[in-house]
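The values are calculated or read from the model by the stated rules, or taken from the named source; none is laboratory data. Predicted model only: the values in this text are computed from it and were never measured. Glycine also receives a Cβ, built like all others from the backbone with ideal geometry; neighbour counts cover every protein chain displayed. Side chains included, ligands, DNA and RNA excluded: accessible areas come from the protein's heavy atoms. Shrake-Rupley method; radii C 1.70, N 1.55, O 1.52, S 1.80 Å.
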Amino acid sequence: MDQKLKDIIDRSSSIVFFGGAGVSTESNIPDFRSEKGLYSAQSKYGYSPEEMLSHSFFMRHMETFFDYYRNNLIYPQAEPNDAHKALARLEQEGKLKSVVTQNIDGLHQKAGSRAVYELHGSVLRNYCMDCGASYDVEYIMDDRNCKNGIPRCSHCNGVIKPDVVLYEEMLDEDCINGAVSAISQADTLIVGGTSLVVYPAAGLIRYFCGNNLVLINKQPTPYDDKADLVINDNIGKVMKL
């Protein structure tokens, strides 16, 4: 672990971690906002990822939505990396109070983290839009449960929607309130793997009023000048215990 970061962690008793796509890319989950992801989506589907992952597109073009979603956002073989593992360990030690993530892959929980606020939901949870029945990710990936590529409820034949927050949809109020409460009570906020330009999630950083703001990202962020420590490197490498 980076020595300056270790010193801050050693002095802290109430840490919150706020992470973005960069945390998961080190587990070989590509960032769909990358140039490669954008090009791939435009060339195959004729739409940008943001368009296809919007509520209005989901409602109008479900077959295309699910084709893109199932092939580009679900990575069942992905495993937690050194960053996920370090955060789970810090929680076990009582240092880390919670993780606030923009990712939808469930890797923090897979690594052992318990207090996780998933701002944008999770691909691991799915529900019928008609009767509310719950389904796991394996169910919607199974073609036998789909009609024209659209997963259907085994109870009422309703459309099964992933429990992820699409563009144009509101973030879950309880999740946001929990994240705000955790960040506002933290003495150290470690922000990693995010450019801090996607709102409203990025706006959560303004609720932090503790002692140490740490930013770990390969590229500069708009908040670098407000941070106590800025590290431009891979977060797994920086966080590795």
Could you say which residue among 198, 159, 164, 180 is modelled with pLDDT under 95, β-branched (Val, Ile, Thr) and under 26 Å from residue 127 (Cβ atoms)?
198
If only one of 74, 104 is open to solvent by 20 Å² or more (accessible area, probe 1.4 Å), in contact (Cβ under 8 Å) with a residue 40 or more places away in the chain and closer than 14 Å to residue 162 by Cα, which one is it?
104
Restricting to region 14-46, and then to whatever is over 19 Å from residue 141 (Cβ atoms), modelled with pLDDT under 95 and part of a loop (DSSP other than H, G, I, E, B), can you tell me which residue is least open to solvent (accessible area, probe 1.4 Å)?
20
Of the candidates 117, 139, 127, 135, the one satisfying the condition of being among the aromatic types (Phe, Trp, Tyr), surrounded by 16 or more Cβ atoms within 10 Å (Cβ to Cβ) and within 23 Å of residue 207 (Cβ to Cβ) is 117
Could you list, ordered by first residue, the pairs with Cβ atoms under 9 Å in which the first is in region 180-208 and without any contact (Cβ under 8 Å) to a residue 24 or more places away in the chain and the second is open to solvent by less than 30 Å² (accessible area, probe 1.4 Å) and among the hydroxyl-bearing types (Ser, Thr, Tyr), at least 6 apart or interchain?
202/194; 202/221
Over region 59-76, the set of residues under 18 Å from residue 139 (Cβ atoms), in contact with a helix residue (DSSP H, G or I) (Cβ under 7 Å, 6 or more places away or on another chain) and part of a helix (DSSP H, G or I) is 65, 70
Just need a number here: residues in region 191-238 that are of a type outside the set (Gly, Ala, Ser) and not in a loop (DSSP other than H, G, I, E, B).
19
Residue ID - least open to solvent (accessible area, probe 1.4 Å), chosen from residues in region 142-153 that are in contact with a helix residue (DSSP H, G or I) (Cβ under 7 Å, 6 or more places away or on another chain) and assigned to a loop (DSSP other than H, G, I, E, B):
149
In the set 110, 97, the lone residue that is open to solvent by 30 Å² or more (accessible area, probe 1.4 Å), touching a residue at least 60 places away in the same chain (Cβ under 8 Å) and over 10 Å from the mean Cα position of the chain (by Cα) is 97
